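What follows is a single structure, written as C-alpha cells, with notes after it.
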Amino acid sequence: MNSRSGMLSIGTLAKATGVASPTIRYYEDIGLLPKPRRTTSDQRIYDESDKERLIFIRRCRDFGFSINQVRLLAGLSISPDQNCREVRDIAHAHLTDVRAKLKELRALEKSLTGFVEQCDAACSGGPGRECLVFKDIAKPENNKCC
C-alpha cells in the first residue's frame, strides 16, 4: 500500500477484505468491481471505495446471494432513485430459497440418520456390498430422499 495516496495493491486489497486476488480479478471481469486504475508498470491499484465495494460484495456472497443478486444489490446500493423495497424483495426471495433448501436438508438429514442408525444396529462388519445403507438407498420408496 502506498500510504501517501491511500492506494492499495491487489494483494493488500485481498488481505484487507478477505477476498482472494483471483476472485477480485474475476469480479472485475464480470463487472461487479470496476476495472482498477493502473500504475505506470501496469499494476492494479485500488482505493477505499473499491475496498468498501469489495467488502459489500463479499458480505453479500457470505449471505449466499447469487452473483446476479449481488449485481442488483450493488446497483441499488449506489442508486439515489431506487426504492429500498427492491432490496427487501431481493432479500425476501433469497430467504424463501434458503428456507426451501433448509427443508430439503432436514429431509436429507432424516433419511441419512435412519440409514446410519440401521447400520449401527445391524452392521456385522461384513462385505461392503451387503451394507444395509446400500439396500435402503436402492429401495423404490427411497428414490426420493427429500
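Here, each number is a calculation from the coordinates, and none is a lab measurement. Since the structure is predicted, the reported quantities are computational estimates derived from the model, not experimental observations. Every residue, glycine among them, receives a Cβ derived from its backbone with ideal geometry; neighbour counts consider all protein chains shown.
Things worth noting here:
- Between PHE63 and ALA121, the modelled labels are 4.4 nm apart [label points 7 Å from Cα along Cα→Cβ].
- Long-range tail of P(r) for region 1-82 (Cα pairs > 16 Å, %): 50 percent
- Amide H within-cut-off set for MET7, under 5 Å, with H built and near neighbours excluded: ASN2
- Sum of -39500 (n - 2.57) over DSSP H runs of 4+, divided by residues of the chain (222 nm, nearest 500): -20000 deg cm²/dmol
- Both radii were evaluated on the Cα set of the chain; the Rg over Rh quotient, with Rh as the Kirkwood radius, amounts to 1.24.
- Between ARG99 and SER49, the C-beta separation translates, for a Förster distance of 30 Å, into a calculated FRET efficiency of about 0.30.
- Charge dipole magnitude, Cβ of K and R +1, D and E -1 - the chain, Cα centre, debye nearest 20: 280 debye
- Under-5 Å amide H pairs with LEU33, H placed in peptide plane, nonlocal only: GLU28
- Förster-model FRET efficiency, 25 Å R0, ARG38 and SER77, C-beta, rounded to 0.05: 0.45
- As a length-normalised measure over Cα pairs under 8 Å and 6 or more apart, the relative contact order of the chain settles at 15 percent.
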